[in-house]
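Trainee: First the structure, which I've put down as structure tokens, then a few questions once you've had a look.
The values are calculated or read from the model by the stated rules, or taken from the named source; none is laboratory data. Keep in mind it's a predicted model, so treat the numbers as computed, not measured. Reconstructed Cβ throughout: ideal geometry from the backbone, glycine too, with neighbour counts over all protein chains shown. Only protein heavy atoms, including side chains, enter the accessible area calculation; ligands, DNA and RNA are left aside. Shrake-Rupley method; radii C 1.70, N 1.55, O 1.52, S 1.80 Å.
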Amino acid sequence: IDDLKKSYLDRSLVILKECDPSLECLGAFYSGPCPVLHVRRNDQEYIFKLAITSFDNEMIPNEARILSDLKDVNGITHLVERYGKKSEVRAILKEFFPGNCLEDQEKISDQLLQEKLIDTVRQIHGVGYTCLDLHEGNIVITKDQKEICFVDPIQDTTRLSPKNQRNKDRDLLHLVMLFSQCYSLNVILSIVQHFIITFLMNNKQQKNNQNN
């Protein structure tokens, strides 16, 4: 695995310079073998994500498209630049948010930070996306504990439709699982409503199966 990571990193640095020679690599993050580069240009820091594997070749253009739609959403790292043709985006440059990711099993206890994160998720829902990648590694809090950012909301993100509206409540449930105590009554009621509707639908389905 280490040899594979080194190979991908070497290729990533070559692609970085081909895409934008003005970017200086400061380091790399790994969620798998493929690196995400921490870069700098004119004293401004960014995140550089690029396509290396066949999976990335689909993921990077999709992320660029969704981030373009989320350009007015607060509390995420926005798209700064894309490299390549619109249908064949080779890499993207995103904002960098300084701070620390939540550690495993760490919870958000500050009410103001909870409300900011809830607002971000609701804004993304408002644009029309659900099935967000809500977990500790994608939530960053500044060292002074005053600001929070959902740095990488896109993984299996899908468009909302009349058939998957309940996915919004699943997102909120995953969100609340990151909180030590949820102060938002609206979120709690939404999740309770989701479980009631799911319970009633399951009961109805079971009765239909029995009748058949």
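Trainee: Which of the residues spanning the stretch 147-168 are among the charged types (D, E, K, R), touching a helix residue (DSSP H, G or I) at 6+ places or on another chain (Cβ under 8 Å) and modelled with pLDDT of 80 or more? I'd like the intermediate steps shown before the answer.
Mentor: The initial filter retains those residues of the stretch 147-168 that are among the charged types (D, E, K, R), namely 147, 152, 156, 159, 163, 166, 168.
Still in the list and also touching a helix residue (DSSP H, G or I) at 6+ places or on another chain (Cβ under 8 Å): 147, 152, 166, 168.
Once the filter is applied, which keeps residues that are among the charged types (D, E, K, R), touching a helix residue (DSSP H, G or I) at 6+ places or on another chain (Cβ under 8 Å) and modelled with pLDDT of 80 or more, the stretch 147-168 yields Glu147, Asp152, Lys168.
Trainee: Arg122: under 20 Å from Tyr183 (Cβ atoms), without any contact (Cβ under 8 Å) to a residue 40 or more places away in the chain, open to solvent by 40 Å² or more (accessible area, probe 1.4 Å) and not in a loop (DSSP other than H, G, I, E, B), yes or no? If you could, list the steps in order and put the result at the bottom.
Mentor: Working: under 20 Å from Tyr183 (Cβ atoms): yes; without any contact (Cβ under 8 Å) to a residue 40 or more places away in the chain: yes; open to solvent by 40 Å² or more (accessible area, probe 1.4 Å): yes; not in a loop (DSSP other than H, G, I, E, B): yes.
Here the answer is yes, as Arg122 does meet what is asked.
Trainee: Consider Glu81 carefully, then state whether it is open to solvent by 50 Å² or more (accessible area, probe 1.4 Å), out of contact with any His (no Cβ under 9 Å at 6 or more places or on another chain) and touching a residue at least 24 places away in the same chain (Cβ under 8 Å).
Mentor: Numbers: open to solvent by 50 Å² or more (accessible area, probe 1.4 Å): yes; out of contact with any His (no Cβ under 9 Å at 6 or more places or on another chain): yes; touching a residue at least 24 places away in the same chain (Cβ under 8 Å): yes.
In short, yes.
Trainee: Looking at the stretch 141-161, I want the residues that are outside any loop (DSSP other than H, G, I, E, B) and have a partner that is open to solvent by 80 Å² or more (accessible area, probe 1.4 Å) and modelled with pLDDT of 90 or more with Cβ atoms under 8 Å, at least 6 apart or on another chain. Which pairs are those?
Mentor: Ile141/Asn100; Ile141/Glu147
Trainee: Is it true that Val73 is farther than 24 Å from Val14 by Cβ, at pLDDT 90 or above and assigned to a helix (DSSP H, G or I)?
Mentor: Numbers: farther than 24 Å from Val14 by Cβ: yes; at pLDDT 90 or above: yes; assigned to a helix (DSSP H, G or I): no.
Considered against the rule, which asks whether it is farther than 24 Å from Val14 by Cβ, at pLDDT 90 or above and assigned to a helix (DSSP H, G or I), Val73 comes out as no.
Trainee: Among the residues that make up the stretch 126-141, is at least one of them buried (at least 18 other Cβ atoms within 10 Å of the Cβ) and farther than 30 Å from Arg166 by Cα?
Mentor: No, the stretch 126-141 contains no residue that is buried (at least 18 other Cβ atoms within 10 Å of the Cβ) and farther than 30 Å from Arg166 by Cα.
Trainee: Please find, within the stretch 38-69, the residue that is nearest to His125 (Cα to Cα) out of those that are in a strand (DSSP E or B) and at pLDDT below 95.
Mentor: Filtering the stretch 38-69 for residues in a strand (DSSP E or B) gives 38-41, 44-50.
Pick out the ones that are also at pLDDT below 95 and you get 49-50.
On the way: Lys49: 24, Leu50: 26 Å.
The residue in question is Lys49.
Trainee: Looking only at residues in the stretch 26-35 that are at pLDDT 90 or above and open to solvent by 30 Å² or more (accessible area, probe 1.4 Å), which one is nearest to the chain's Cα centre (by Cα)?
Mentor: Ala28
Trainee: Using beta carbons and a limit of 8 Å, which pairs, at least six apart or on different chains, have the first residue in the stretch 173-185 and within 15 Å of His125 (Cβ to Cβ) and polar (S, T, N, Q) and the second one open to solvent by less than 30 Å² (accessible area, probe 1.4 Å) and at pLDDT 85 or above?
Mentor: Ser184/Gln114; Ser184/Ile118
Trainee: Please verify whether Ile92 is under 25 Å from Ala51 (Cβ atoms) and open to solvent by less than 70 Å² (accessible area, probe 1.4 Å), treating the condition exactly as stated.
Mentor: Values: under 25 Å from Ala51 (Cβ atoms): yes; open to solvent by less than 70 Å² (accessible area, probe 1.4 Å): yes.
Yes, satisfied.
Trainee: Within the group Leu117, Leu172, which residue is at pLDDT below 90 and either within 19 Å of Leu79 (Cβ to Cβ) or surrounded by 20 or more Cβ atoms within 10 Å (Cβ to Cβ) (or both)?
Mentor: Details: Leu117 fails: at pLDDT below 90.
Testing whether each residue is at pLDDT below 90 and either within 19 Å of Leu79 (Cβ to Cβ) or surrounded by 20 or more Cβ atoms within 10 Å (Cβ to Cβ) (or both) leaves just Leu172.
Trainee: Would you pick out the residues in the stretch 147-156 that are within 20 Å of His78 (Cβ to Cβ) and open to solvent by 20 Å² or more (accessible area, probe 1.4 Å)? Show your work before the answer.
Mentor: Within the stretch 147-156, the first condition is being within 20 Å of His78 (Cβ to Cβ), and the residues that meet it are 147-155.
Hits for the stretch 147-156 are Glu147, Val151, Asp152, Gln155.
Trainee: Now, a different point. Can you find even one residue in the stretch 4-25 that is at pLDDT 85 or above and within 22 Å of Glu147 (Cα to Cα)?
Mentor: Scanning the stretch 4-25 turns up no residue that is at pLDDT 85 or above and within 22 Å of Glu147 (Cα to Cα).
Trainee: Residues being touching a residue at least 12 places away in the same chain (Cβ under 8 Å) and outside any helix (DSSP H, G or I): count how many of those fall in the stretch 4-26. Working first, answer last.
Mentor: Let us first name the residues in the stretch 4-26 that are touching a residue at least 12 places away in the same chain (Cβ under 8 Å), namely 4-5, 8-9, 11-13, 15-16, 19-20, 22-26.
From what's left, outside any helix (DSSP H, G or I): 20, 22-26.
Result for the stretch 4-26: 6.
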